[in-house]
Amino acid sequence: MRSNNKTLSHEELLRLVSYDLETGVFTRRVACGNTKKGDEVGCDHGNGYIEASVGGVRFYAHRLAVFYVTGALPGKDVQVDHIDGNQANNAYANLRVVSNSQNVQNLSCKGRAGNKCGHLGVHLHKGSGLWKATVVRPLTKHQICTYHKTKEEAAKAAIELRLKNYPGFTGRDAEQALVNFG
């Protein structure tokens, strides 16, 4: 990671902080400025994610955790997903490295903000009065659509389409949503 023309090596990271795999908390191994050895590193700056400064370099704690454990900082083309959806839970078992496409598909199956029906990929088709489940196939941009009598049927179909057409998609709510729909 680079900040103000500074870089941080993995060796320097290990020297400066420790990381608890189970809690996801970083603590200082050495005093730095106003902080003492043993102080927790990082805080929420209002967006739900924990941000930390180590060796003069700023990180999101979830990316720092992957760097700490693997020795490789995740590149710009990958994201670190919080499996449980809690952005402050940086326990290593709760983190996974995913592509941007996987992370977008991992949005809650309840849908994005502004989605009136509450389900990702579902809307009421005005012409037919049926509920339409839509998934855009990656790379090809080809839409796959199915029509259903109820919103719940369309939501279940959208999840199934996503699971079938997106390799690696697990959707944090997908399995539970399918159980709920029966």
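The values are calculated or read from the model by the stated rules, or taken from the named source; none is laboratory data. What you see is a predicted model; the values in this text were computed from it and never measured. Note that each Cβ is placed from the backbone with ideal geometry, even for glycine, and that neighbours are counted across all protein chains shown. What goes into the accessible areas is simple: the full protein's heavy atoms, side chains included, and nothing from ligands, DNA or RNA. Shrake-Rupley method; radii C 1.70, N 1.55, O 1.52, S 1.80 Å.
Give me the net charge for the shell around Leu64: Cβ to Cβ below 10 angstrom, other residues only, Lys and Arg +1, Asp and Glu -1.
+1
Residue by residue through the stretch 147-157, what is 3J(HN,Hα) from phi via Karplus (6.51 cos²θ - 1.76 cosθ + 1.60, θ = phi - 60°)? Round to whole Hz and write x for glycine and proline.
With the stated coefficients, the stretch 147-157 comes to 10, 9, 6, 10, 4, 5, 4, 5, 5, 4, 5 Hz.
Could you give each residue of the stretch 33-46 its phi-based ³J(HN,Hα) in whole Hz, using Karplus coefficients 6.51, -1.76, 1.60 with θ = phi - 60°, and x for Gly or Pro?
x, 7, 9, 9, 4, x, 5, 5, 9, x, 7, 7, 9, x
What full-extension length gain, to one decimal in nm, is calculated for Ala93 and Thr23 as 0.36 nm per residue of separation minus the Cα-Cα distance?
24.2 nm
Restricting to DSSP loop positions (anything but H, G, I, E, B) with no more than 11 other Cβ atoms inside 10 Å of their own Cβ, which GluC sites (Glu not before Pro) remain in the stretch 1-93?
Glu22
Can you compute the modelled spin-label distance between Arg15 and Asn165, with each label point 7 Å from Cα toward Cβ, in nm?
With each label placed 7 Å out from Cα toward Cβ, I get 5.1 nm.
With the crude spin-label approximation of a point 7 Å out along Cα→Cβ, what separation in nm comes out for Lys76 versus Cys43?
Result: 3.0 nm between the two label points.
Give the ranking of His123, His62 by solvent-accessible surface, highest area first, calculated with a 1.4 Å probe.
Accessible-area ranking of His123, His62, largest first: His123, His62.
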